[in-house]
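Since the structure comes first, as C-alpha cells, the remarks are kept for the end.
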Amino acid sequence: MTMPQAPDGPDDDDLTTIKVDHFLAHPPAKVWRALTDPELIAQWMMPGDFRLEVGHRYTMTAVPRPNTNFSGVIRAEVLAHDDERMLSVRWQDEAGSRENAADWTITWTLEPEGRGTRLFLVHAGFDPDDPAQRMAHRIMGGGWRSHVIGALESVLETY
C-alpha cells in the first residue's frame with residue numbers, strides 16, 4: 001500500500017488530519033513488532049491491553065488535558081491490519097458521551113525503504129469547528145513528530 005508522502009508541518013492547513021512521514025533505520029518486521037507488542041507499545045506510547053485482532057477493544061491511559069477536553073482515558077479498537085504493512089485503530093475519549101469528544105482513526109503504514117522502513121502515520125477525525133479539537137490537533141501534531149516518534153526510535157534501538 002502506498003500512501004502519499006505529503007509533508008505535514010506547522011504550515012499544513014488540514015485541520016482534520018495529522019500526517020507524519022518518517023524514515024526509521026530498522027526493517028519493517030522490527031518496526032511492526034514495536035507497533036503491535038503491548039510491552040513495547042507501553043514503552044513508546046501508552047500502556048494498554050492491545051491485541052492484534054480486528055474488533056479487539058482496549059483501553060490506554062495518558063495525562064488528562066482539560067484545555068483539549070481530553071479525559072486522559074482512550075477507548076481503542078483495532079479496525080484493520082495487514083501484517084508488517086498497516087495497522088488502523090480507532091481512539092475515542094472515555095468521556096465520549098460529551099459533545100465534541102475525541103473520535104479519531106490512527107493508521108500506521110510501513111513501506112520497506114533500503115535497509116529501513118518508511119513509516120506513515122495518518123491521525124484523522126479532528127473537528128476543525130471545535131476550538132478544543134483545533135488545540136488537540138496542534139498539540140498532537142507536534143507530539144507525534146517529536147516525542148512519540150523519538151520514543152519509538154529509542155525503543156527500536158534497545159530491543
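The values are calculated or read from the model by the stated rules, or taken from the named source; none is laboratory data. Since this is a predicted model, take the numbers as computed values, not measurements. Quick reminder, even Gly has a Cβ in these numbers, built from the backbone with ideal geometry, and neighbours come from all protein chains shown. SASA here: full protein model, heavy atoms, side chains in, ligands and nucleic acids out. Shrake-Rupley method; radii C 1.70, N 1.55, O 1.52, S 1.80 Å.
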Which of ASP13, ASP93, ASP127 fluctuates most in a GNM of the chain (C-alpha springs under 10 Å)? That residue is ASP13
For ARG65 and ARG115, what is the calculated FRET efficiency with R₀ set at 41 Å and r taken between the beta-carbons, to the nearest 0.05? 0.60
Length gain on complete extension for the stretch ASP82 to THR17, per 0.36 nm per residue less the alpha carbon to alpha carbon distance? 21.2 nm
For the chain, calculated [θ]222 nm from helices alone, where every DSSP H run of n ≥ 4 adds -39500 (n - 2.57): -7000 deg cm²/dmol
Taking the Cα-to-Cβ direction at ARG138 and at ASP49 and moving 7 Å from each Cα, how far apart do the two end points lie in nm? 3.8 nm
Charge sum, other residues only, whose C-beta stays under 11 Å from PHE126's C-beta, Lys/Arg counted +1 and Asp/Glu -1: -3
Would you work out what percent of the accessible area of the chain, with all protein chains in place, is carbon or sulfur (probe 1.4 Å)? 51 percent
From the alpha carbon gyration tensor of the chain, can you work out the equivalent ellipsoid semi-axes (sqrt of 5 times each eigenvalue) and give them in Å, largest to smallest? 24, 18, 14
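Please report the net charge: other residues with Cβ closer than 12 Å to the Cβ of MET45, K and R +1, D and E -1. Numbers along the way, then the final one.
On the way: positive: none; negative: ASP37, GLU39.
My count for the surroundings of MET45 gives -2.
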Ranked highest first by the average count of other Cβ atoms within 10 Å around their residues, in what order do 52-60, 132-140, 40-48 fall? 132-140, 40-48, 52-60
